[in-house]
Amino acid sequence: MSGEVPDAVPASVDAPPMRLAPLREELTLLAGPALADGSPSWTLHDQVAGRFYRLGWLEFEILRRWHLEVPQAIAADVASNTTLRVTADDVMAVSQFLALNNLLQRHGPQAVSTLMRQAEMRKPGLWQWLLKNYLFFRVPLVKPDRFLTQALPYVSWIFTRGFFLVTLAAALLGIYLVTRQWDQFRTTFVSFLSPSGLITGAVGLAVAKVVHELGHALTAKRYGCRVQTMGIAFMVMYPLLYTDVSDAWRLPNRRQRLAIGVAGMGAELTLAAYATLAWSFLPEGPVKAAAFLLATTSWIMTVLVNTSPFMRFDGYFLLSDLLDVPNLHDRAFALGRWWLRERLFHLGEPVPEELPARRRTLLIALALATWIYRFTLFVGIAALVYHLFFKVLGIILFLVEVWWFILRPPLNEVREWIRRRGTMTWNRRSATTAAVALGLLALAVIPWRSTVTAPAVLRAAQEMEIFLDQPGRMDAVLVKAGQSVAAGQVLFRLSSPDLDYKLASQRQKIQTLQWEAAYRGGAAVDPKRQRIAAQELETAQAELRGLEAEKAKLTVTAPFAGIMAEVTEPLSPGEWLPAKERLGLLLDPAHPMIEAYVREADLHRVAVGDEGRFRPDQTVTSAVDGHIQDIDDTSTRVLTRRYLASTYGGDIAAREDSQHQLVPEESLYRVLIAPAKDTTPATLERGRVTLEGVRESLLGSLWRRTVAILLREGSF
């Protein structure tokens, strides 16, 4: 007998009864935990495949009588000896489940052919394997079960109540001692900025993760589970240790499974408690720095990552055991998809599984939260892999990540909606969904957007920052902030004793040369010598004019009439100032100007003459209307208006280069807007400008920006 389950039971009464294929001999049936409704459960363990199957009372009673081989006989025996109502169809359903999971014995060429066909179907192709494994894959390193069995008696004391109390006392004492040295504790992080500090931190982090995994492994061994492998998993090339404790599904006691799940975090918290205490007694050096890392960063990262139920880390398995819901994500996602379809279309489909209302709501909320979390995570990973690899490979991996993990799942769901369109009917929910979808489509397609917004500043058309050209000593500050000044008015007067000395020396030198020339005038002098003397006098006079020009620069005057908007403080008489020192800002309020920075994607929508309105961030100045006067032909390479940069509270994302200049992260073009009426800016007013430009739809804008990004990033 091949062990295949036939599609139908023969209808002839004379046909021999169909016999079921026997179970595989290496299967183990174990007692499981009580279910949420109080009914018992059992766990079927496939040791060869390393899989566990949770069975209910009905399936258990059927498997107990599997040796009867005939579905009708099994159903009759269950019905006569229990309160369950079982039919041959129920037995056939269990048989199909066992056959699909290869839990039945199979013999003969047909069975071998079927198994080989299943293996080929389950074997992913090269590209599919790469898609699933380039972001995350595991490398088993050791089989620690024998070592753990031998080591457990020597470390069994860590599971005692006494050790817990001692650890708690160490944690409280360590925290108390740290609070007494809080300033020193906070500054310990600086030691990690050196090469030796980085090495120490890496070693400390590795120790913490080994302790974490040993916590899982030793706890599992304590409860009689086999720990088959321990190794390293790579997530976006970042190494993570892992321990295979899947044997914990054999445990019927839920508290024991929870203990195994939480043991890793508990082990790291224990290590952190003793590291906190040790930090107060260790001498300065790498060991103390490592204790700081274990006491702070390590366990905080572990708790934040492992308590999350949205990925298959400790938090997921803890929540699964806490709720006693195996395959938590799969079941939550099934409920989430059902809930979404019912809310959108009211299909009237049955619930994937019957659960209490509160439990069902919890699983649906988990599904929605997991989808949102994973969407955010995968977008971040897509950006990471793009920047992590060289450009060609980065672009390929970015597109693969976006398609496989971000776009494909929702498109598969939309495909399911299309497949169910024959069962959809017009009702309140489907009509509302259609109306909202059409409204969103109209918002995306219709070119209703005519405005372009951009960060801007209201300033004077003529403005100048006053800098000191020569080092000197401040003698007098003759102007105040906000004071009106005339062109040529003295603003600051400085002096330089060193320069005065050079001037006096140069004048004395000129007098000497002039006296020598007069003395030789009455005597016969060599013409050649006379020409040299004349050249020396001319050179000395030129040097004197240069020194006098430098001295003149110590008297700072206004280059044009306006308002002294800013005066650098403090500036006091007697203070020595270096060259290039900023003294203040002078602007001409009679001619204001609005300076805006428009993104390259919006540049085609604006032109010279278009109207706009400037709205300041502060309420010092009211809104100012104007029209575009000029648009730069090339993009802005360096952002001179630092207060528009995000690092200074502005709206333009910019980074500081090696020369301490602010470079915009995206292509921006400067647009100058002439106000329609005279407006006097107090100094500089930061805000945003709204320009009336060419209408464009959201979809068109998105397409244009996408093309611009692809063209920019595709250049090599």
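Among the candidates Phe292, Phe281, single out the residue that is more than 26 Å from Leu384 (Cα to Cα), out of contact with any Pro (no Cβ under 7 Å at 6 or more places or on another chain), free of Cβ contacts under 8 Å to residues at least 24 places away in the same chain and not assigned by TED's automatic domain parsing to the domain that holds Leu55.
Numbers: Phe292 fails: free of Cβ contacts under 8 Å to residues at least 24 places away in the same chain.
Only one candidate passes the filter, namely Phe281.
Just to check your reading of the model, which residue among Leu440, Leu458 is in the same structural domain as Arg343 (by TED's automatic domain parsing) and under 30 Å from Ser667 (Cα atoms)?
Values: Leu458 fails: in the same structural domain as Arg343 (by TED's automatic domain parsing).
After applying the criteria, what remains is Leu440.
For residues that are surrounded by 13 or more Cβ atoms within 10 Å (Cβ to Cβ) and over 19 Å from Leu478 (Cα atoms), tally how many sit in segment 575-591.
3
Can you tell me which of Val608, Val638 is surrounded by fewer than 20 Cβ atoms within 10 Å (Cβ to Cβ) and under 30 Å from Phe492 (Cβ atoms)? So that I can check it myself, show each step before the final result.
On the way: Val608 fails: under 30 Å from Phe492 (Cβ atoms).
Val638 is the lone residue from the list that is surrounded by fewer than 20 Cβ atoms within 10 Å (Cβ to Cβ) and under 30 Å from Phe492 (Cβ atoms).
Exactly one of these conditions fails for Leu282: (1) assigned to a helix (DSSP H, G or I); (2) under 22 Å from Leu168 (Cα atoms). Give me its number.
(1)
Which of the residues belonging to segment 621-645 are under 12 Å from Leu668 (Cα atoms) and either in contact with an Asp or Glu (Cβ under 8 Å, 6 or more places away or on another chain) or of a type in the set (Val, Ile, Thr) (or both)?
Ile631, Thr634, Ser635, Thr636, Val638, listed by residue number.
Conditions (1) within 30 Å of Ala202 (Cα to Cα); (2) of a type in the set (A, V, I, L, M, F, W, C); (3) within 25 Å of the chain's Cα centre (by Cα); (4) at pLDDT 90 or above, marked per residue:
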site: Pro286; (1), (2), (3), (4): yes, no, no, no
site: Thr302; (1), (2), (3), (4): yes, no, yes, no
site: Phe310; (1), (2), (3), (4): yes, yes, yes, yes
site: Asp314; (1), (2), (3), (4): yes, no, yes, yes
site: Leu319; (1), (2), (3), (4): no, yes, yes, yes
site: Asp324; (1), (2), (3), (4): no, no, no, no
site: His346; (1), (2), (3), (4): no, no, no, yes
site: Arg359; (1), (2), (3), (4): no, no, no, yes
site: Ala369; (1), (2), (3), (4): no, yes, yes, yes
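Could you list, in sequence order, all residues of segment 417-443 that are under 30 Å from Leu377 (Cβ atoms) and surrounded by 11 or more Cβ atoms within 10 Å (Cβ to Cβ)?
Once the filter is applied, which keeps residues that are under 30 Å from Leu377 (Cβ atoms) and surrounded by 11 or more Cβ atoms within 10 Å (Cβ to Cβ), segment 417-443 yields Trp417, Arg420, Thr433, Val436, Ala437, Leu440, Leu441, Leu443.
Which one of these does Ser450 not meet: (1) in contact (Cβ under 8 Å) with a residue 60 or more places away in the chain; (2) farther than 30 Å from Asn133 by Cβ; (3) part of a helix (DSSP H, G or I)?
(3)
What are the residues in segment 628-649 that are aliphatic (A, V, I, L, M) and part of a helix (DSSP H, G or I), if any?
Applying the first criterion (aliphatic (A, V, I, L, M)) to segment 628-649 yields 628, 631, 638-639, 644-645.
Across segment 628-649, the qualifying residue is only Leu644.
Please specify each residue of segment 558-567 satisfying the condition of being surrounded by 16 or more Cβ atoms within 10 Å (Cβ to Cβ) and of a type outside the set (A, V, I, L, M, F, W, C).
Gly562, Glu566
Can you tell me which residues in segment 607-647 are among the aliphatic types (A, V, I, L, M) and in contact with a Phe, Trp or Tyr (Cβ under 9 Å, 6 or more places away or on another chain)?
Residues satisfying the conditions are Ala623, Val624, Ile631, Leu639, Leu644.
Using the structure shown, decide if Ser495 is modelled with pLDDT of 85 or more, under 30 Å from Glu465 (Cα atoms) and among the hydroxyl-bearing types (Ser, Thr, Tyr).
Taking the combined requirement at face value, the residue satisfies it.
On the basis of being closer than 30 Å to Arg704 by Cβ, in a loop (DSSP other than H, G, I, E, B), under 41 Å from the mean Cα position of the chain (by Cα) and touching a residue at least 60 places away in the same chain (Cβ under 8 Å), does Ala607 make the cut?
Details: closer than 30 Å to Arg704 by Cβ: yes; in a loop (DSSP other than H, G, I, E, B): yes; under 41 Å from the mean Cα position of the chain (by Cα): yes; touching a residue at least 60 places away in the same chain (Cβ under 8 Å): yes.
Yes: the conditions hold for Ala607.
If we keep just the residues of segment 11-45 that are exposed (fewer than 13 other Cβ atoms within 10 Å of the Cβ) and polar (S, T, N, Q), which is modelled with the lowest pLDDT?
Taking the candidates together, the pick is Ser12.
Scanning for something farther than 25 Å from Pro592 by Cα and in contact (Cβ under 8 Å) with a residue 40 or more places away in the chain, does segment 640-654 turn up at least one residue? Give the derivation first.
The initial filter retains those residues of segment 640-654 that are farther than 25 Å from Pro592 by Cα, namely 647, 653-654.
Narrowing further to those that are in contact (Cβ under 8 Å) with a residue 40 or more places away in the chain: none.
Taking every residue of segment 640-654 in turn, none turns out to be farther than 25 Å from Pro592 by Cα and in contact (Cβ under 8 Å) with a residue 40 or more places away in the chain.
Okay, residues lined up against (1) within 23 Å of Thr568 (Cα to Cα); (2) modelled with pLDDT of 85 or more; (3) crowded, with 19+ Cβ neighbours inside 10 Å; (4) charged (D, E, K, R):
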site	(1), (2), (3), (4)
Ala653	no, yes, no, no
Gln659	no, no, no, no
Val663	no, yes, no, no
Ala676	no, no, no, no
Arg686	yes, yes, yes, yes
Val694	no, yes, no, no
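The values are calculated or read from the model by the stated rules, or taken from the named source; none is laboratory data. Note that the coordinates shown come from a computational prediction; the quantities given were computed from them, not determined experimentally. Counting neighbours? That spans all protein chains shown, and the Cβs are built from the backbone with ideal geometry, glycine included.
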